Amino acid sequence: MSAIRLLVLGAVRQHGRAHGYQVRNDLEYWGAHEWSNAKPGSIYHALKQMAKQGLLHAHEIAPSTVGGPPRTEYEITEAGSEEYVRLLREALTSYDQRTDVKSAAIGFIVDLPRAEAVALLKERIRRIEEWRGVVTQDYAPEQGPEQLGHIGEIMNLWVHTADAEAEWTRGLIARIEGGAYTFAGEGEPFVGVLTEGRENPYATGERHPEDDR
């Protein structure tokens, strides 16, 4: 799956209503431009595409009194909310070694009820172990990678990555079950968006044609 749809839908949802530059600013604030394909062009493209698909509603805002082009603000629709939750659940349970997908999922995990988040993470562990089992049908970790020549190092990497992912996920489950973080329905959520006018210390400084819209 593509992380950009999940990231953009989640960012708009957190604001309630946001223009493209706000979404870009938030994703840069989260460092998403470093670990995903959330670059300016892909962000604006995703906003427009999802508006066409009915996942976002585009509001044309009048130009400011100081001039400049009209600005488009986006608001997530009911269909967009359903797609957002579907993508979040898929990203949490799928064993995908891509950093952008799993990072996006963890960034939005508190939008789910605590019990559901735990259940999805346990399913993630089951799938990791299932995937590891497929790899070890042809590769015996106890014999070392040399058994398959240097290509064995690839499977060795896969197995070590799977083991580390499973261990980390078990730790996350333990923290969540121990009461860490505020999940949906438990009170005031964590605010991870930049308020209007707040400077983004992680902004790239690169301009994009859509930044003023």
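No value in this document is a laboratory result; all are computed from the given coordinates. Note that this is a predicted model, so its numbers are computed, not measured. As a convention, Cβ positions derive from the backbone with ideal geometry for all residues, glycine included, and neighbour counts pool all protein chains shown.
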Cα→Cβ-extended label distance, 7 Å offset, between residue 142 and residue 17, nm:
6.4
Between residue 59 and residues 5 or more places away or on another chain, which pairs have amide H atoms under 5 Å apart, with H built 1.01 Å from N, and which residues are they?
73, 74, 75
Quick check: the distance between the Cα centres of the stretch 133-166 and the stretch 83-124, to the nearest angstrom?
26
How far apart, in nm, are two points set 7 Å out from the Cα along the Cα-to-Cβ line at residue 90 and at residue 151?
3.2
Peptide ranges 161-172, 2-13, 131-142 listed from the most packed, as the mean C-beta count within 10 angstrom indicates:
2-13, 161-172, 131-142
Relative contact order computed over the stretch 117-194 (Cα-Cα under 8 Å; 6+ residues apart), in percent
32
